[in-house]
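Enquirer: Got a structure for you, questions after.
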Amino acid sequence: MPVLFDGGFRITESRPICRYLVSKYQGKHNDTILIPNDVHNAGLVDQFISYELSYYDPPISKLFYQEKVAKRFLNEDPDPEIIKQAREELAKVLDVYEKLLEGKEYLNGEYSLADLVHCPSTYYVYGIVTTHSGLWDSRPNVKNWWNRVYNRDVIKKSLEESKSFWENNENI
Amino acid sequence: MAIKLIGFAQSPTTRRVVLVLNELGIPYELESVTEIQTIKTEEFITKKHPFGKVPVLCDGDHVVNESRAICRYLVSKYQKDSKTVLYPDDVHKASLVEQYISYELSYFDPPLSKVLYQEIYAKRRGEPTDEAVVKQSLEELSKTLDIYEKILKDKDYLNGEYSLADLFHLPCAHIVYNATGHSDIFDSRPRVKNWLDKLRERDAYKKTYAE
């Protein structure tokens, strides 16, 4: 999961699904631009998407696994050493993001797919597991960026729909 | 001004970009990094890569980093000047190429990278090889390659025709195949073996790995 069906066409993997939807539908139903048409700006958006995959998501995934998945689904206790190491790793990444976001509202200046792909993992570790929100909130540029992205109507609505999954499925 | 690629000449991430440059016939200069400290300076971090990594591509004033992002940028800008198609125009085919790129990132590269680290890089750093990690990673890679064996049924390439998705798999597979004694994990699966053999027949592969 996820899998997308578009008529007779099927595609898997979340980031390719997003790219496909942008390729096919961007500009057709509204004015939102998620991947710029300009090749240089698109290249930079890809670069920031790669940062999310390579540097941002790994420590967040470790925290999410330890503090949500392990106990709830596997009946394992969270490992405090892994949590500590993941927090340290994430702090270093957010230090880099703090500089990247200097003088900018979004990673590539204007809102793009790069900001969007950061949302789900950030939301889970910032919003559902609240002990780590300090990592974002203690860095002014990162704090502003996350609040700006999160408060976009579409983002807020989508993320809060997922919150009800966790709340309504306590006993899976 | 020629494109400049900054990287470690023999690292798989730099070679991923070199493969694309060679496939599309794009002239470039390789600025080989010899001392790791040069990519950790304040200047490099500010101007080239905030995480202090390579490869980094400089195309005139435009600087882009992260190997797969660089490859996509090169394809976007220069594929039209080449006869080689790495990324289809058709939106449905392109999205399937992206899907296979994601498989490489999610399922192929992680175990392969662990084997690479334990068998090559750890040794270079004077660290002991963790055989348990190697064993677990090879088991994980075996499961992935069993799935690839099915994906490649009746196909020479992941999406039918050669694409960026096949290319992305090659650099790490090349090192593990040639330098770690684990070639059998690929060769014992006929379709996977056929796929890698085909990738190695390409001129761009031969040019990249001759250097």
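The values are calculated or read from the model by the stated rules, or taken from the named source; none is laboratory data. Computed from a predicted structure; not experimentally measured. Please note: Cβ atoms are built from the backbone with ideal geometry, for glycine as well, and neighbour counts cover all protein chains shown. With ligands, DNA and RNA removed, areas are computed over all heavy atoms of the protein, side chains included. Shrake-Rupley method; radii C 1.70, N 1.55, O 1.52, S 1.80 Å.
Enquirer: Does A:TYR56 fit the bill of being within 14 Å of chain B (Cβ to nearest Cβ) and part of a helix (DSSP H, G or I)?
Expert: Considered against the rule, which asks whether it is within 14 Å of chain B (Cβ to nearest Cβ) and part of a helix (DSSP H, G or I), A:TYR56 comes out as yes.
Enquirer: Just the residues that are buried (at least 17 other Cβ atoms within 10 Å of the Cβ) and among the hydrophobic types (A, V, I, L, M, F, W, C), please, taken from segment B:172-211.
Expert: Hits for segment B:172-211 are B:CYS172, B:ALA173, B:ILE175, B:VAL176, B:ILE185, B:PHE186, B:VAL192, B:TRP195, B:LEU196, B:LEU199, B:ALA204.
Enquirer: Check off (1) over 21 Å from B:TYR73 (Cα atoms); (2) open to solvent by 50 Å² or more (accessible area, probe 1.4 Å) for A:LEU4 and give me the number that stays unchecked.
Expert: (2) is the only condition that A:LEU4 fails.
Enquirer: So is A:ILE35 β-branched (Val, Ile, Thr), out of contact with any Phe, Trp or Tyr (no Cβ under 9 Å at 6 or more places or on another chain) and either within 24 Å of B:PHE51 (Cβ to Cβ) or in contact (Cβ under 8 Å) with a residue 24 or more places away in the chain (or both) or not?
Expert: Here the answer is yes, as A:ILE35 does meet what is asked.
Enquirer: Moving on. Select, from A:GLU67, A:GLU52, the only residue that is within 20 Å of the chain's Cα centre (by Cα) and modelled with pLDDT under 90. If you could, list the steps in order and put the result at the bottom.
Expert: Numbers: A:GLU52 fails: modelled with pLDDT under 90.
On inspection, the qualifying residue turns out to be A:GLU67.
Enquirer: Could you tell me whether segment B:36-50 includes any residue that is at pLDDT 95 or above, open to solvent by less than 10 Å² (accessible area, probe 1.4 Å), farther than 14 Å from A:PHE48 by Cα and within 12 Å of chain A (Cβ to nearest Cβ)?
Expert: no
Enquirer: Give the residue that is farthest from the chain's Cα centre (by Cα), with candidates limited to residues of segment A:1-19 that are within 7 Å of chain B (Cβ to nearest Cβ) and part of a strand (DSSP E or B).
Expert: A:PHE9
Enquirer: Determine, yes or no, whether A:GLY134 is exposed (fewer than 15 other Cβ atoms within 10 Å of the Cβ), more than 21 Å from A:PHE64 (Cβ to Cβ) and not hydrophobic (A, V, I, L, M, F, W, C).
Expert: no
Enquirer: Among all residue pairs at least 6 apart or on different chains, which show Cβ distances below 7 Å where the first residue, located in segment B:98-122, is more than 14 Å from every other protein chain (Cβ to nearest Cβ) and the second is in a helix (DSSP H, G or I) and of a type in the set (S, T, N, Q)?
Expert: B:PRO111/B:SER137; B:PRO111/B:THR144; B:VAL115/B:SER137
Enquirer: If you don't mind, another one. Got a sec? Which of B:SER76, B:SER95 is within 13 Å of chain A (Cβ to nearest Cβ), of a type in the set (S, T, N, Q) and open to solvent by 10 Å² or more (accessible area, probe 1.4 Å)?
Expert: Step by step, each of B:SER76, B:SER95 is checked, and only B:SER76 is within 13 Å of chain A (Cβ to nearest Cβ), of a type in the set (S, T, N, Q) and open to solvent by 10 Å² or more (accessible area, probe 1.4 Å).
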